[in-house]
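This report refers to the structure that appears directly beneath it.
FYI, it's all coordinate maths here, none of it is from the lab. Here the structure is a predicted model, which means the values were calculated and not measured. Ideal geometry is used to build each Cβ from the backbone, glycine not excepted, and the neighbour counts take in all protein chains shown.
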Amino acid sequence: MKKSLSIVLVLGLLVASCTPAVFMAYRDDNIDPKVRFAVGAVNDKILGCLSTNDYTALEPLLCDELNKTQGTEFKTDMLPRLQPALAGCKYRRLHEYYVTTTKSATPVHLAEPEPDAYEFNVNTRTKETYIALVLADNKDYSMLLTFVYGKYDGKWKLNIMHVDDYSVKHKNAAALYEHSKQLEMKGHVLDATAYASLAAKCTSPSNVYLKYKIAPEIKQYQQRLDARLNSKYHFPIPVTALKSEPKILGLQYVYAEGPSTPLVSYKTSININDTVTLKAENEKIHAEIGKVLHGLDKNNSVIMYHAYNDIPTGNGERRFGMMHRIKF
């Protein structure tokens, strides 16, 4: 995803005086190789600490302010949660930026062109700042690890770190949005809404720092789809093709057989303990599901079911789970 981009010169905002702060930004291969190597070595150490939950080795790599304000959170919360999430992930660079400023505290605005088309905004804390955007890839999703470094007394230390969803099923926010629109054009509103929700979730993979230019458009699209979905489907929905007439209580998309797996909940009159009869009824429900929930069997390789005798209220009602794989 590297592109040849020349040095960018931008006038910053007025900071603490009448003299504008000026910053120079270098991107990817335009960065001084010595600087890139030095920060890369620190970044690799931090990735190692995250993968092994090693706060002792991480602590000296954090700037003093980060240690003071979030050191405990890193140790007791963030690292323990990140270690399993990063297990098995492969790392690759998305983009890197090296910024030099005439003032330590300078608002920096970076604009990435197509096809990424995002803006990155950060307030620097030192006259030299390095932004490393690293992707952690798994088979089903990618997370974006945002690292912002400052140079303190000749040493690069971490100022900011954020980890969030970047892509699902190898599709980032823009690709998920396009896929959702294609599903909507086919009339598959349920799946389209699910993908619109995933797209919206991936529009800010670096919290307030990175924002896709297309984010407002995706949000409006998601809201329109939600409204269309709510007007089209009113649960519970009886499956009238079956004599037992089970009622579809709801549909949610869960992470099970990969991300965004549809889970259909329904109420049945068959005793939950009679699993043989339940399975026979479920085969018939599955044969009708694409008609009741339009298109659900056209885009998903797996559909899961939860059968209940009573409408679930979250109080531990008994259920029986079943799953169907679909070959296209």
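Please say if the range 133-263 is rounded, prolate or oblate, where rounded means a/c under 1.5 for a ≥ b ≥ c the square roots of the C-alpha gyration tensor eigenvalues, and otherwise the choice is prolate for a/b larger than b/c and oblate otherwise?
Working: a/c = 3.33, a/b = 2.40, b/c = 1.39.
It is prolate, given that a/c is not under 1.5 and a/b is the larger ratio.
Give the shape of the range 279-328 as rounded, prolate or oblate, defined through the alpha-carbon gyration tensor: a ≥ b ≥ c are the square roots of its eigenvalues, a/c under 1.5 means rounded, and otherwise the shape is prolate if a/b is larger than b/c and oblate if not.
On the way: a/c = 2.14, a/b = 2.05, b/c = 1.04.
In terms of gyration-tensor shape, prolate.
Sorted from largest down, what three extents in whole angstroms do the Cα atoms of the range 221-270 have along their principal axes?
Principal extents (Cα only, largest first): 39, 29, 14 Å.
Once you order the gyration tensor axes a ≥ b ≥ c over the Cα atoms, which shape class does the range 63-191 get: rounded for a/c under 1.5, otherwise prolate or oblate by comparing a/b with b/c?
Verdict is oblate for the range 63-191.
Hey, which lysines would be in cross-link range of Lys157, C-alpha to C-alpha under 20 Å, not counting anything within fewer than 8 residues on its own chain?
In chain and number order, the partners are Lys34, Lys45, Lys68, Lys75, Lys103, Lys127.
Please report the base-10 log of the normalised intensity I(q)/I(0) for the range 125-178, using a Debye sum with one equal scatterer per alpha carbon and no solvent, at each q in 0.14, 0.26 (1/Å).
Computed log10 I(q)/I(0) values: -0.48, -0.91.
Expressed in nm to one decimal, what extension gain is obtained for the pair Ala287 and Asp44 from 0.36 nm per residue of sequence separation less their Cα-Cα distance? Could you put the intermediate results ahead of the total?
Values: separation 243, 0.36 × 243 = 87.48 nm, distance 5.11 nm.
So the extension gain works out to 82.4 nm.
Can you give the convex hull volume of the alpha carbon atoms of the range 209-303 per residue, in Å³?
Values: hull volume 12.8 nm³, N = 95.
Each residue corresponds to 135 Å³ of Cα convex hull volume.
If you plug each phi of the range 196-212 into the Karplus form 6.51 cos²θ - 1.76 cosθ + 1.60 with θ = phi - 60°, what whole-Hz ³J(HN,Hα) values come out, in order, with x for Gly and Pro?
My calculation for the range 196-212 gives 5, 5, 5, 4, 4, 5, 9, 7, 10, x, 10, 6, 7, 7, 10, 9, 6 Hz in order.
Which residues does a label at Asn309 reach in the range 253-281, if reach means a backbone N under 15 Å from a point 7 Å past the Cα toward the Cβ?
267-279
Under a plain spin-label model, where a point goes 7 Å from the Cα along Cα-to-Cβ, how far apart in nm are Lys201 and Ala117?
Computed distance between label sites Lys201 and Ala117 equals 2.3 nm.
From the phi of every residue in the range 69-85, what ³J(HN,Hα) in whole Hz does the Karplus formula 6.51 cos²θ - 1.76 cosθ + 1.60 yield, where θ is phi - 60° and glycine or proline is x?
For the range 69-85, the Karplus curve yields 8, 10, x, 5, 5, 4, 6, 9, 10, 5, 5, x, 7, 6, 3, x, 5 Hz.
If R₀ is 51 angstrom, what is the calculated FRET efficiency for the pair Lys181 and Asp153, using the beta carbon separation as r and rounding to 0.05? Don't skip to the end; give the middle numbers.
Working: r = 51 Å, r/R0 = 1.01.
So, using R0 = 51 Å, E works out to roughly 0.50.
Over the range 161-216, calculate the relative contact order: mean separation of alpha carbon pairs under 8 Å at least 6 apart, over the residue count, as a percent.
Working: 60 pairs, mean separation 21.9, N = 56.
Result for the range 161-216 is 39 percent.
In terms of modelled amide H atoms, which long-range or inter-chain residues lie less than 5 Å from the amide H of Tyr141?
The answer is Lys169.
Just the number, please: percent antiparallel of the DSSP beta bridges in the range 167-319, rounded to the nearest 5. Before the final figure, lay out each step's value.
On the way: 13 of 18 bridges.
Bridges in the range 167-319 are about 70 percent antiparallel.
Between Rg and the Kirkwood Rh of the range 178-236, both from Cα atoms, what is the Rg to Rh ratio?
On the way: Rg = 12.5 Å, Rh = 12.0 Å.
Radius of gyration relative to Kirkwood radius: 1.04.
Below 15 angstrom from the Cβ of Tyr212, what's the summed charge of the other residues (Lys, Arg +1; Asp, Glu -1)?
Details: positive: Lys171, Lys201, Lys211, Lys213, Lys219; negative: Glu112, Glu114, Asp116, Glu119, Asp164, Asp165, Glu178, Glu217.
So the environment of Tyr212 carries a net charge of -3.
Can you work out ³J(HN,Hα) from phi for every residue in the range 177-187, in order, using Karplus 6.51 cos²θ - 1.76 cosθ + 1.60 and θ = phi - 60°, giving whole Hz and x for Gly and Pro?
Along the range 177-187, the couplings run 4, 5, 5, 4, 5, 5, 5, 5, 4, 7, x Hz.
Just checking my list (1) 28, 23, 19; (2) 48, 22, 16; (3) 44, 22, 19 against semi-axes √(5λ) of the Cα gyration tensor in Å computed from this structure; which label fits?
(2)
Sorted by packing (mean other beta-carbon atoms within 10 Å per residue), highest first, where do 67-77, 123-133 land? Walk me through the intermediate numbers first.
Working: 67-77: 13.6, 123-133: 22.0.
Final packing ranking: 123-133, 67-77.
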